[in-house]
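Visitor: I'd like to ask some things about the structure below.
The values are calculated or read from the model by the stated rules, or taken from the named source; none is laboratory data. Worth saying up front: this structure is predicted, and the values here are computed from it rather than measured. FYI the Cβ positions are ideal-geometry reconstructions off the backbone, even for glycines, and counts take in every protein chain you see.
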Amino acid sequence: MRDRGSENRLSSVIASSAPLVTTVADMRTQALNILPRPAMAGEFVPADYFRRLERAELCRGGRPLEVDLGCGDGSFLLEMARHYPERDFLGVERLLGRVRKVCRKATRLGRDNVRVLRLESRYVTEWLLPDAAVSRLHLLFPDPWPKVRHHRRRLVQAEFLTAVSRVLAPAGEFLFMTDHEEYFKWAENKVAHCPGLVRLDWHDDSFFYPKTDFQELWESEGKRIWRLRCRRAIEE
């Protein structure tokens with residue numbers, strides 16, 4: 001069943017992200033911005049953007065599913081897929097150029113457990129991902145929107161975290177990283193007031209976790225990295 005709220009949200013997402021056709025080069029690539037369209041190798045294009053997905057559409061059999069929101073150049077996503085071949089991975093990225101780059105990398109490297117969805121992270125989490133389907137949801141170095149008047153644009157909001165707790169599988173985890181201390185404290189506060197999530201410790205040796213390109217850049221500049229790990233709360 002179609003959801004009018006999801007239709008309105010997706011319309012605004014497409015309007016804000018679709019490029020303006022002004023040159024011959026733009027015209028040649030414009031077909032990639034028309035929905036629905038055929039998927040590139042390594043890309044996931046939903047048959048219906050206004051229907052919540054089924055778990056079987058995103059992963060094979062009972063394999064764990066991990067989602068990387070804002071996967072950027074795909075370095076973290078592809079390294080995770082290499083280290084965990086028994087898991088399936090979905091990268092979410094709004095920018096077409098990045099999506100095409102990650103898809104080409106995944107295909108060249110033979111990472112058949114990776115697919116990339118071109119869409120806005122909030123919409124994917126709140127409207128598309130199925131209930132109790134994601135074993136780990138990664139949100140690494142999102143835009144901190146540091147100005148107070150822009151805080152409403154931050155991805156970590158109460159509604160987003162409620163959606164995160166919904167899509168996480170039992171004992172599923174949400175992992176957040178930022179170099180922005182104030183945004184980290186903002187996220188801590190939001191998580192503390194989300195009954196569907198429970199805070200966990202996150203030590204360097206807790207599990208394999210490759211560094212993103214942003215993390216390597218910030219650490220090379222001497223910046224501290226702030227991180228937050230949560231688990232879906234156990235329902236009584």
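Visitor: Restricting to the range 182-213, and then to whatever is assigned to a loop (DSSP other than H, G, I, E, B) and among the hydrophobic types (A, V, I, L, M, F, W, C), can you tell me which residue is farthest from H138 (Cα to Cα)?
Guide: Here the answer is C194.
Visitor: Which of the residues spanning the range 60-94 are touching a residue at least 60 places away in the same chain (Cβ under 8 Å) and either among the charged types (D, E, K, R) or within 17 Å of P46 (Cα to Cα) (or both)?
Guide: L65, E66, V67, D68, L69, D73, E79, R94
Visitor: So how many residues does the range 202-212 have that are in contact with a helix residue (DSSP H, G or I) (Cβ under 7 Å, 6 or more places away or on another chain) and either without any contact (Cβ under 8 Å) to a residue 40 or more places away in the chain or surrounded by 13 or more Cβ atoms within 10 Å (Cβ to Cβ) (or both)?
Guide: Selection size over the range 202-212: 2.
Visitor: Also, I was wondering about something else. I'd like to verify a number: residues in the range 188-236 that are among the acidic types (D, E) and over 28 Å from H83 (Cα atoms), how many? Working first, answer last.
Guide: Step one: filter the range 188-236 for residues among the acidic types (D, E), giving 188, 201, 204-205, 213, 216, 219, 221, 235-236.
From what is left, the residues that are over 28 Å from H83 (Cα atoms) are 188, 235-236.
Counting residues in the range 188-236 that are among the acidic types (D, E) and over 28 Å from H83 (Cα atoms) gives 3.
Visitor: Taking the range 222-236 on its own, how many of its residues are at pLDDT below 90 and of a type in the set (D, E, K, R)?
Guide: Initially, the range 222-236 is screened for residues at pLDDT below 90, giving 222-223, 234-236.
Cutting the leftovers down to of a type in the set (D, E, K, R) gives us 223, 235-236.
Residues flagged as at pLDDT below 90 and of a type in the set (D, E, K, R) within the range 222-236 amount to 3.
Visitor: Looking only at the range 67-87, which residues are within 12 Å of K105 (Cα to Cα), touching a strand residue (DSSP E or B) at 6+ places or on another chain (Cβ under 7 Å) and part of a loop (DSSP other than H, G, I, E, B)?
Guide: G74
Visitor: Here are the criteria: (1) under 22 Å from A171 (Cβ atoms); (2) crowded, with 16+ Cβ neighbours inside 10 Å; (3) modelled with pLDDT under 95. Tell me which single one G61 does not satisfy.
Guide: The one condition G61 does not meet is (2).
Conditions (1) under 20 Å from the mean Cα position of the chain (by Cα); (2) among the aliphatic types (A, V, I, L, M); (3) over 20 Å from S135 (Cβ atoms), marked per residue:
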{"position": "Q157", "(1), (2), (3)": "yes, no, yes"}
{"position": "L168", "(1), (2), (3)": "yes, yes, no"}
{"position": "A171", "(1), (2), (3)": "yes, yes, no"}
{"position": "W186", "(1), (2), (3)": "yes, no, yes"}
{"position": "V191", "(1), (2), (3)": "yes, yes, no"}
{"position": "H203", "(1), (2), (3)": "no, no, no"}
{"position": "T212", "(1), (2), (3)": "yes, no, no"}
{"position": "E219", "(1), (2), (3)": "no, no, yes"}
{"position": "R232", "(1), (2), (3)": "yes, no, no"}
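Visitor: For residues that are among the hydrophobic types (A, V, I, L, M, F, W, C), in contact (Cβ under 8 Å) with a residue 40 or more places away in the chain, more than 21 Å from R227 (Cβ to Cβ) and outside any strand (DSSP E or B), tally how many sit in the range 96-144.
Guide: 12
Residue-wise test of (1) in contact with a His (Cβ under 9 Å, 6 or more places away or on another chain); (2) exposed (fewer than 14 other Cβ atoms within 10 Å of the Cβ); (3) modelled with pLDDT of 95 or more.
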| site | (1), (2), (3) |
| --- | --- |
| D131 | no, yes, yes |
| R153 | no, yes, yes |
| V167 | no, no, yes |
| D179 | no, no, no |
| R199 | no, yes, yes |
| E219 | no, yes, no |
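Visitor: Yes or no: the range 90-106 includes at least one residue that is farther than 17 Å from F214 by Cβ and among the acidic types (D, E).
Guide: No - not one qualifying residue is present in the range 90-106.
Visitor: With acidic (D, E) and without any contact (Cβ under 8 Å) to a residue 12 or more places away in the chain as the only criterion, which of E173, E216 stands out?
Guide: E216
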